[in-house]
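Worksheet for the structure shown next.
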Amino acid sequence: MSSTASPFSRIFWYVFALAGLFLSLPTWAAGNVALVIGNQNYKEQPLRNPANDAQDMAETLKKLGFSVQLIQDADLREMETAARTFSNRLRNSDVGLFFYAGHGVQSDGVNYLVPVKADIQGSTDLRYKAMDVGFVLDLMEDAGSKLNIVILDACRNNPFRGMRGGSRGLLNMSGPAGSIIAFATSPNNTAEDGDGRNGIYTKYLLQNIQKPGISIEEMFKQVRIGVSRETRGRQTPWENSSLSREFCFAGCAVPEAEAASAETSKEMARILRENERLSREMDKMRVEQQTSQSRVEELRTIQKEKETLEQQIQTLDVNRKVQQDYQSQLTKVLKEKQALEQALQDRDRDAESQKSTQDDLSRLSREKSRLEQELKRYEQASQLRDNQVEELERLKKEKNRLEQEAKRYSAVDQARNDRIKELERVRKENEVLLSTLRERDEQLKESKAALRDASSNKRSVPREETYTPLIVNP
C-alpha cells in the first residue's frame, strides 16, 4: 500500500485483515462439543472411579472429533460456570454431549448432580447446593444444537446418610426433541463401581463408543448387554431418546467414492458461501469508508469555523481594552463633575464664576452622556464577546472530540485496508482451491465411469459358476 493512501482506506484494509484472521481461527460454534465432569473426592463416601471415567471419556471423545471441556472434583459454582460455558460453545454446533460421573440424587421428582464439598442435610439443601439436571438440559435446548446427548453415570448410592427427602438412584426423565438421555442403570436403582480402572457402565461405554458403523442407539444397546451380563442382571442401563436423525460416534458406513464426492461438494458449497459473505462484507466496508470521508469533511468545516471565531475573539480583546480605557475616562469625568458641582455650590454668589461653572458642568454632562452611551455600546459588545467565547469553547471541545474521532477512524481505516488486502488474498486462494476441487470432482466422475465400464466388461465375460454348500453351525 502506498504511503499516500488515506487513513480511512488503511483502516478499511486493516479491518478486513482482522476479519481474515478471525475466519482462520478455530471457533466453538461448529462441530461436536462436549462437557465432561468427574466428581470423586466427596467428604462423605468418596468414589473410586469417576476421575478415571471422566479422563478416559474426555480422551476418547477427543479422538472422535469432539472439542472437550473437562473438569474434576468441582463445587457447585464451578459446575454451573462450566455448564454455561458449555452452552455458549454449543451455539450452532452439530452435536452437544454432557457426561457426568459421580454421585446423583433424586428428590421431589427432580434429579440432582452432587458437587464435592457440598454440605447437604436434606432435600431443601439440594435445591440450593446441588445442580439440577434439568438446568443442563435447558441450557442445551437454548443453545440450539442439532443433537444433544446426556450421559449420567450418577446412579450410585445416596452419599448423605440420614438425609431426609432423598431417594436411591435417579428418576427417568425426558429431554427436548432431538436428544437422548442415558442412565447407568434403570430408574430408582443404583449402579456398581466395579473393581477395575473404570465403573462398569463407563467401561462398556468406552469399549463400544469407538466402534465404526454403529448408530448411537445400537451402541447404547451393546453397552446395556455388556453391563447386564457382567452384573448378572443387577444393573440395566436405561435410555430415553427423541432422536430423529442418524448419528454414529465413530462414523456411519458410507461408500468411499460417494463420501469423497459428497465431501468435495460440501467443501465447494462452503467456499462459495464464504465468497458471498466476503463480498457482502466488502460492500459494507466501502459504505463505512464513504461515511468516514463525510466525517472528515465535516471536521474540516468545523476547523475553519474555529479559526474564524479565534480571529473574532482577538478583535474583541482589542475592543475590550478600548472599553476599559473609556471606563477609566468616564470615572475621571464623573470625579471632575462632582468636583465642579461642589465648586458651583461654593460659588453661588459669583454669577460670572457660576455661569462659567455651569458651562463646564453642561459640557461635562454632555461628555458624561456621550461616555455612558459609549459604555453601553461596549457592554453590549462585551456580552456578544462572552457569548462568542462560550461558543468558541464549545467548538474547541467539539474539535478535540472530532480530532480524537479522526485518529480513531484513521486507525480503523488502516485496519480496514489491511483486512481488504488479506480478504482479497483469501478470495484468490479460495478460487484456486475451488478450481482444484472442481478438477478433483471431474477426476472422481471419470473414475466412477471407469469403474462402471470395468464392471460392465467383467459381467459380460462368461464364467464357470461353482457352488459350495453352506454349513450352518446350530
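Could you check how many residues of the stretch 316-330 are β-branched (Val, Ile, Thr) and loosely packed, with under 11 Cβ neighbours inside 10 Å?
Qualifying residue count for the region: 1.
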Return the residues of the stretch 63-97 that are in a strand (DSSP E or B) and among the aliphatic types (A, V, I, L, M); say none if nothing qualifies.
VAL68, LEU70, ILE71, VAL95, LEU97
Across the stretch 170-228, what is the total count of residues that are in a helix (DSSP H, G or I) and either in contact with a Phe, Trp or Tyr (Cβ under 6 Å, 6 or more places away or on another chain) or not aliphatic (A, V, I, L, M) (or both)?
18
For the stretch 379-409, which positions are under 26 Å from the mean Cα position of the chain (by Cα) and buried (at least 17 other Cβ atoms within 10 Å of the Cβ)?
TYR409
Any chance the stretch 177-195 includes a residue that's loosely packed, with under 13 Cβ neighbours inside 10 Å, at pLDDT below 85 and under 39 Å from the mean Cα position of the chain (by Cα)?
yes
Among the candidates SER294, SER279, single out the residue that is loosely packed, with under 11 Cβ neighbours inside 10 Å and either of a type in the set (Gly, Ala, Ser) or outside any helix (DSSP H, G or I) (or both).
SER294
Check the stretch 126-145 and report whether any residue there is in a loop (DSSP other than H, G, I, E, B), at pLDDT below 90 and farther than 21 Å from ALA83 by Cβ.
no
Restricting to the stretch 36-70, what's the tally of residues that are within 17 Å of ALA130 (Cβ to Cβ) and crowded, with 19+ Cβ neighbours inside 10 Å?
7
Kindly list the number of the only condition in (1) out of contact with any Phe, Trp or Tyr (no Cβ under 9 Å at 6 or more places or on another chain); (2) in a strand (DSSP E or B) that fails for ASN148.
(1)
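The values are calculated or read from the model by the stated rules, or taken from the named source; none is laboratory data. Nothing here was measured: the structure is a model prediction, and the numbers come from that model. Using ideal geometry, Cβ is built from the backbone for each residue, glycine included, and neighbour counts are taken over all protein chains shown.
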